[in-house]
Amino acid sequence: MMNVINKVRYTVLLAISTVVVTTSSWAQTGVLDKTGGKTTTTGSWIAPKVEELPDMKMGPFVRLADGGILTVHKTKSLISQDEGKTWTEYPIFSDPEKFEISDERALIRTKKGAIILAFMNLKERSEWNWQKEIADWPGAILPTYAVRSLDGGKTWEKAQKLHDEWTGAIRDMIETKDGSIVFTSMMMLHNPGRHSVLTYTSKNDGKSWTRSTIIDLGGTGHHGGVTEATLEQLKDGRLWLLLRTNWGRFWEAYSKDDGINWSGFNPTKINASSAPGLIKRLQSGRLVLVWNTQFPQGRTEYKLSGGDNQWSEIAASNHRDELAIAFSDDEGKSWSKTVVIAERGKQPRLSYPYVFEQKPGILWITTMQGELRVKLEEKNFLR
């Protein structure tokens, strides 16, 4: 398997020089029109037909069997019976002093009723020790954990540590048609330091987990490599993974065995900043994607980060000024017009989205960076 991965890495490195200098067909045109928009209580601009949800939790969210909504924060699960107006807290850990749930996490309620949370444990995080002279961080630790509840988030089983290596982020979790649970994680690799993506799959509702092949597409730097993936199952049964890269667009991979093995590594036509997206299957059957495009609307350039083999091996757009949305009716082959739904305003950045379909066609979109808390109707953004 390692020989296969190395061949993929060489192919990727040969392709990068072409990918980063071309702008995909998704490039936005025109100047962002703020007519009819408004400013949120946290200082961001939101587009017309986008409504603020002031004081909402960050998410992610799941709908419970009794109609409540559940999310998590630090060491607790939070349950609301009034659509997020008020929340009741429940402890997740019997030894909470040993845990702190990361803001980058994934959450699901399975068909059998289990609540599963995947997270990094900030209490075990290494102190920052990136070493410029070797472009690496030997021994970096930020573990990946999974924990589950069988009573709607009121009590929780013992958390399972899945690996110790530095996990840059955990972004997404799905249940496949056959009941497999799959979530995305990361692992820092070394000599040189760079990031890789992997997934964990459970065939027994989160009791145990199988680690996938590691997706290592090369790179150097504490933001180098591939990172922060989102995934969804296509109608043909394959899993589709979208990877954050420094190469001007999302790259993709596919799995035919519920996330155990990944192949088909290629650049997509979706131009993207070096920031994560979130893809989700809606009750309408469409796919929705929320992300930061490569450049702000109407522009073909942006201040670059990296290119020094410290941040990354290649200079990349780290644009996080605007958050965009698009929909697909054909399994990601084509997409509706890209629409900017929010601009950062007074916030330093606007990124790391979560998407929750509160009701059919009603989407809650929240972000880890920028405190965006909004809702919108799918039908209003399909043009």
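The values are calculated or read from the model by the stated rules, or taken from the named source; none is laboratory data. Here the structure is a predicted model, which is why all the values come from computation and not from measurement. Here the Cβ is made from the backbone with ideal geometry for all residues, glycine too, and neighbour counts use every protein chain on show. Just so you know, the surface numbers come from the protein's heavy atoms only, side chains and all, with ligands and any DNA or RNA stripped out. Shrake-Rupley method; radii C 1.70, N 1.55, O 1.52, S 1.80 Å.
Dipole size of the stretch 224-292 about its Cα centre, with +1 on Lys/Arg Cβ and -1 on Asp/Glu Cβ: approximately 240 debye, rounded to the nearest 20.
Lys and Arg at +1, Asp and Glu at -1: add these up for the other residues within a Cβ distance under 9 Å of Leu282 and post the number. Every neighbour counted, the sum reads +1. Accessible area per residue for the chain, computed on protein heavy atoms with a 1.4 Å probe, is 42 Å². Checking every one of the GluC sites (Glu not before Pro) in the stretch 133-237 against DSSP loop status and a limit of 13 other Cβ atoms within 10 Å picks out Glu133.
Are there trypsin sites (Lys or Arg not before Pro) in the stretch 123-201 that DSSP puts in a loop and that have at most 13 other Cβ atoms within 10 Å, and which ones? For trypsin sites (Lys or Arg not before Pro) across the stretch 123-201 that sit outside H, G, I, E and B with at most 13 neighbouring Cβ atoms in 10 Å, the list reads Lys132, Lys158, Lys177. Restricting the chymotrypsin sites (Phe, Trp or Tyr not before Pro) of the stretch 106-182 to loop positions (DSSP other than H, G, I, E, B) with no more than 12 neighbouring Cβ atoms within 10 Å leaves Trp128. A straight chain from Glu133 to Glu157 at 0.36 nm per residue would run longer than the Cα-Cα distance by 4.3 nm.
Its Cα centre serving as origin, the chain has a Cβ charge dipole (Lys and Arg +1, Asp and Glu -1) of approximately 560 debye. Of the heavy-atom accessible surface of the chain (probe 1.4 angstrom), what whole percent is carbon and sulfur? Of the solvent-accessible surface of the chain, carbon and sulfur hold 49 percent.
Across the options Tyr302, Phe327, Ala275, the greatest Cα extent toward the positive end of the charge dipole of the stretch 266-335 (unit charges at beta carbon of Lys, Arg, Asp, Glu) belongs to Phe327. Let me make sure I get this right: for the stretch 229-383, a, b and c are the square roots of the gyration tensor eigenvalues over alpha carbons, sorted descending. Under 1.5 in a/c it's rounded, otherwise prolate if a/b > b/c, else oblate. Which is it? Oblate shape, in that a/c is at least 1.5 and b/c is the bigger or equal ratio. For the chain, what class follows from the C-alpha gyration tensor (a ≥ b ≥ c being the square roots of its eigenvalues): rounded when a/c is under 1.5, otherwise prolate if a/b is larger than b/c, else oblate? Rounded, since a/c falls under 1.5. Within a straight-line Cα-Cα reach of under 23 Å, Lys49 can be paired with the following lysines, leaving aside sequence neighbours fewer than 8 residues apart in one chain: Lys34, Lys38, Lys57, Lys85, Lys280, Lys337, Lys346, Lys359, Lys375, Lys379.
Per the helix-only calculation at 222 nm, which mean residue ellipticity applies to the chain, given -39500 (n - 2.57) for every DSSP H run of n ≥ 4 and division by its residues, nearest 500 deg cm²/dmol? Rounded to the nearest 500, the figure is -1500 deg cm²/dmol.
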